[in-house]
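To start, the structure under review is shown below, and the notes come after it.
What follows is calculated from the coordinates using simple rules that are stated; it is not laboratory data. Since this is a predicted model, take the numbers as computed values, not measurements. Cβ: placed from backbone, ideal geometry, glycine included. Neighbour counts: every protein chain shown.
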Amino acid sequence: MILVRTVFQTEWGKSTELAARMVEFEKTMRHEFGDGVRRIRILTDLSGPFHTIVQEIEVESLEEWERGLAKLFAHPKFQEFAAATGNMMVNGRREFYTIEN
């Protein structure tokens with residue numbers, strides 16, 4: 001099992017709006033990733049760098065991640081989401097972890 005963490009830094013005051021849109025978009029993500037996704041969580045900061053949002057997705061394998069991501073990027077709803085939220089983000093990174101237990 002793999003944990004994919006995508007960490008976003010948003011423009012000042014945009015993290016609440018972006019987090020809400022990400023929660024709303026979760027259904028589309030689950031559909032495109034299919035049975036390969038076990039869990040999706042959206043986290044917002046309580047400490048550390050301000051205006052941080054973390055998206056965690058648990059998938060069976062890196063192959064499942066790549067397959068789901070390709071389907072997601074091709075989905076019209078993703079195009080709408082990206083257009084509506086892209087200007088809210090300052091920077092970000094993606095981390096991959098093996099879940100050991």
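Odds and ends about this structure:
- Relative contact order of the chain, taken over Cα pairs closer than 8 Å and 6 or more residues apart, is 47 percent.
- For the chain, the longest principal axis of the alpha carbon atoms and the long axis of helix 76-85 meet at an angle near 30°.
- Based on DSSP H segments of at least four residues, each scored -39500 (n - 2.57), the chain has a per-residue ellipticity at 222 nm of -13500 deg cm²/dmol.
- Multiplying the residue separation of residue 23 and residue 50 by 0.36 nm and subtracting their alpha-carbon distance yields 7.8 nm.
- Applying the criteria of a DSSP loop state and at most 12 other Cβ atoms within 10 Å to the GluC sites (Glu not before Pro) of region 21-101 yields 100.
- You can think of it this way: the chain between residue 60 and residue 83 has 5.4 nm of extra reach, that is 0.36 nm per residue less the Cα-Cα gap.
- Gyration tensor (alpha-carbon) shape descriptor, the chain, a/c threshold 1.5: oblate
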